[in-house]
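What follows is one structure encoded as C-alpha cells, with my remarks underneath.
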Amino acid sequence: MISASIMVASAKLTAQTIIPIETQNNALILQADADKDLGTIYFGKKLSNSSEYSQVLNVFKQTPDYTGMLNSAYTGSGSRNLLEPAITVTHADGNNSLDLKYVSHDLKKIDDDVTLLSIVLKDPAYNFTVTLYYKSYYKEDVVEQWSSIKHNEKGNVTLHKYASANLHIKGAGYYLNQYHGDWAKEMQSEESKLTHGIKTLDTKLGTRANLFQPSVFMVSVNKPATEDEGTVLFGALEYSGNFRTDLEVDYQDNLRIISGINNYASPYTLKPNEEFVTPVFLYTLSTQGKGVASRNLQSWARNYKLLDGKGTRLTLLNNWEATYFDFNESKLAGLLKDTKKLGVDLFLLDDGWFANKYPRNGDVAGLGDWEENKEKLPNGISSLVKEAQNNSVKFGIWIEPEMVNPKSVLYEKHPDWVVKQPKRDEYYFRNQLILDLTNPKVQDFVFGVVDGLFTKNPDLAYIKWDCNAVIYNAHSATLKNQSHFYIEYVRGLYKVLERIRAKYPTVPMMLCSGGGGRVDYAALKYFTEFWPSDNTDPLERIFMQWEYSYFYPAIASSNHVTDWGKQPIKFRTDVAMMGKLGFDIVVSHLKENDLKYCQDAIKVYNEIKPIIWQGNQYRLSNPKESSVASMLYMDENKSSGVIFNYLVNYRYGVNSSLPILLKGLDAAKKYKIEEINLYPGTSSSIKGDKSYTGDFLMKVGFNPDVNSSRTSVILKIEEVK
Ligand code: DGJ
C-alpha cells in the first residue's frame, strides 16, 4: 500500500521529502520542499508509478503562486500567506505571525487496513509545533485528519483559528452539494458551482448544532458527479458542536477546503505544553460517483466508528406520538401488551415520565427532575421493566439530560448550573435552557441521570438521548475563560459519554435532537443509531433517508412508522424498513388487516434486516429525478438483496413505465425476483417464476410495476443456483 521507500518508522528532511497517503484507489501526496514548506502536490486517483508524483506540478501552467504556499498542507497566517488560514495565533510575546516548517514524519501501520501518519511542523522563530495526523483506511478509501497544537513559549498563546484539516484540490471547477434544514425539514440538499472566494458552511448553535446545517457535504470536481460517474469528495467534521468549513476557490482556480471547530466567539488560550487536539475531519474521495463514496463511508462507519456497527439492533414500539405526555401505568401496561402483540423487541417510553413538584405534563416544566412522576407511575420504572419482561419484551426510556426547564427543582437548587448571561434575561428554546456541561459538577449530574437509571433498573435495555434546545446566551457561571465555553461544552459532553460507555459499553442508545439536530461521527462513537427527523411522513422520509444514506449506514437510521402522511400503512412501514425499524402508532387503533400486515412485516423485516443493515446500498432511481424511487441493498456475496420501490409522483397515470436498472449484481449469476411484504388479501402482479442473469438486470433492468394501486413494492432478489 504505502511505497516501501517511506515505510520507515520516522523520517527527517531530505532535499525534497515526498509523503504519500495512499488508499486502495486514491493518493494524497504531500511534499516538504527545500524550504521545508509542506504542501499538497497531488490529490486524486492513485498513479501506477509513484515516482511520477513529483512531476505533477510541472504540467500545470497556472498564474504564479507569489507566496509559495497556496497548496500548504496547513496554512499559517501573519507571515506570507494571503488566503484563508488553517491556523491563526498570537504568540506569548504578542506577535501574530506563524510559519510552519516540516520537521519529521512518522508512519505507523496499525493493521492491514489502517495506517496512521503524523507529520511534525514547527515555527523556526517560535517554540510552536503543529502535528498533522492522517489516519487512512485502505480498503474504504477513507481518511481521517486532525491536528495537535502545542507550544513551549514563555506564557500563553492565543489560538484564533485552529482547523482540523486543510485540503487542496486542482480541477476545472467545483460543485458543492450542501445541506440545510430546520425542525422536520432536515437534510435538504442543494448544489451550486463554487465561485471564487470563500463559501462557508458552519453552525453557531452550540448544541443541536446541525439544526440548520450539518457539517456533511460533497464536492464534485470538474463537473457535478452523478450516482455512478464523476470525481467527488464527501467530507464531514466529526464534532457535535460548532463547526466551520471554508471552501475557497483561489485566484489560481484551486479549491482549498479548511474544516474544523468554528472559531466564532472562541479564541482559545493555550498554556505552555498544553496540547490542543482538534476534532477529526473525515473524507472519502471517489472517481466513480457518489454511490461508491457512500458505500465506502457506510462500510467504514460500520467497521470502525458507529457503536456496534456490525452488530444487531432492536425493533421497537415508541409511545411519543401515541400518547404524548398523557399516560399512566395502566395505559402503559396496554402498550406493553401491544409491543408483544405487534412482535417488536422493545417498548420505548418517551418524554413525560418524570418530575413531581413541576410534573412533566407538557414541555414547559420538569426537565432536570429525573425521578418518576408519582401520579403517572406510582410503582416506578422498575415495575414497568418487570411488566415488560412479563410480556417478553424489553424496556427502554427517553431522557434529555443536558437540559433544564426553569420550572424545575433542579433549576431552583442550582441556578448556577444553567447556561445564561448573568446580566441578561433568559431566552428559551422549547421553554428550556441548557445545563452547563463545562462544569464538572454538571457532568457528574448528567452521568448520574443515566447511571441512576441503570443502577435502579439493571434490565433497562435502551436509551433515547434527546437534545431539544440550542445554546442562547453562551456563558458559564464557573468557567474561567468564557471564550472556551463552546469547546468545553462539547468536551464535557464527550467526557460524560465516555464515562457512560466505560460502565455500560453495549446498551443501545439513540442519538436524537428534536429530530435530527445532532448527527455526526464523533457522537456516533457512543450511539448505536440516530433519529433523522421528527418528520416521519413516509413520502418526505424517502427523500430525507436518501440524503442521509450518502453519509450514514442504514443500520444507524431509526425509522418509525407513525401517523404522519397520507399513505397507507404498507407504504409507511416499507419506508421505515429501509433502516432500523420502529413504530410509534396506537396499535389498538389499527384495523384488523393493518395489524396483520404490521405483524407479518416485522417477521419479513427480521429475515431481511441483515441485508439492510450490513449489505451494500445502491441508489437505483432518484426520487428527485424520477416518479419512482428505488433503493437496493445487496449482500456482500452478491447473492441476496432487497429492492424498495415507491411511487413519489401522484399525477394521473404515472407509473414505473421504464425498467429500473439494478446495480451491484454479479453479471454471470442468475437471479429470481419476487415481491414480498404484501398487504393481506392482495396478490402481486410480479410472478417470481422467471430467472434473469445479473447482466440482463444491470443492462435492461427489472420493472417493479409501481403504479397508483401499487405505490410501494418490496422485491427480494435471490441468486438461483
Ligand atoms: C423531540 C424528539 O425528536 C421526539 O421524538 C420526542 O422524543 C420529543 N422530543 C419528546 O419531547
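The values are calculated or read from the model by the stated rules, or taken from the named source; none is laboratory data. If you're wondering where the values come from, they're calculated on a predicted model, not measured in any experiment. All Cβ positions, glycine included, derive from the backbone under ideal geometry; neighbour counts span all protein chains shown. Remember, those area values only see protein heavy atoms, side chains included, never the ligands or the DNA or RNA. Shrake-Rupley method; radii C 1.70, N 1.55, O 1.52, S 1.80 Å.
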*Heavy atoms only, probe 1.4 angstrom, no DNA, RNA or ligands counted: give me R619, R430 ranked by accessible area, highest first.*
R430, R619
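Determine the shape class of the stretch 4-305: with a ≥ b ≥ c the square roots of the Cα gyration tensor eigenvalues, call it rounded for a/c under 1.5, and otherwise prolate if a/b is greater than b/c, oblate otherwise. The partial results should precede the final answer.
Numbers: a/c = 1.42, a/b = 1.12, b/c = 1.27.
Rounded shape, in that the Cα axes give a/c under 1.5.
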*Which lysines have a Cα lying under 18 Å from the Cα of K36, excluding residues fewer than 8 positions away in the same chain?*
K12, K101, K122
_Give the lysines reachable from K376 as a straight Cα distance under 17 Å; neighbours fewer than 8 places away on the same chain don't count._
K331, K357, K386
*Only helical DSSP H runs with n ≥ 4 go in: add -39500 (n - 2.57) per run for the chain, normalise by residue count and round the 222 nm mean residue ellipticity to 500 deg cm²/dmol.*
-5500 deg cm²/dmol
*asked:* Could you compute Rg(Cα) / (2.2 N^0.38 Å) for the stretch 316-614, with N its residue count?
replied: 1.01
*Full extension from N127 to K670: what is 0.36 nm times the residue separation minus their Cα-Cα distance, to one decimal in nm?*
188.9 nm
*Which order do the peptides 684-691, 59-66, 493-500, 101-108 take when ranked by the mean count of other beta-carbon atoms within 10 Å per residue, highest first?*
493-500, 101-108, 684-691, 59-66
*Which of the aspartates and glutamates could a cross-linker bridge to K716, judged by Cα under 16 Å and excluding same-chain residues fewer than eight apart?*
D574, D600, E607, D635, E636, D666, E674, E675, D689, D705
*So how exposed is Y251, as accessible area in Å² (1.4 Å probe, rounded to 10)?*
90 Å²
*For a quick protection proxy, order the peptides 190-202, 130-142 by their average other-Cβ count within 10 Å, most packed first.*
130-142, 190-202
_Using protein chains only and a probe of 1.4 angstrom, how many square angstrom of T226 are accessible, to the nearest 10?_
70 Å²
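Using the reciprocal of the averaged 1/r over all distinct C-alpha pairs, how large is the Kirkwood radius of the stretch 617-719 in Å?
On the way: mean 1/r = 0.0729 Å⁻¹.
One decimal place: 13.7 Å for the Kirkwood radius.
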*For the peptides 584-594, 649-659, what is the packing order when you average, over each peptide's residues, the other Cβ atoms within 10 Å and list the highest mean first?*
584-594, 649-659
_Orientation-averaged projected area, Cα convex hull of the chain (nm²)_ = 32.6 nm²
*What's the FRET efficiency of E191 with Y264 using the Cβ-Cβ distance as r and R₀ = 30 Å, to the nearest 0.05?*
0.70
*Distance in nm between pseudo-label sites at K36 and F454 (7 Å out along the Cβ direction from Cα)*: 4.8 nm
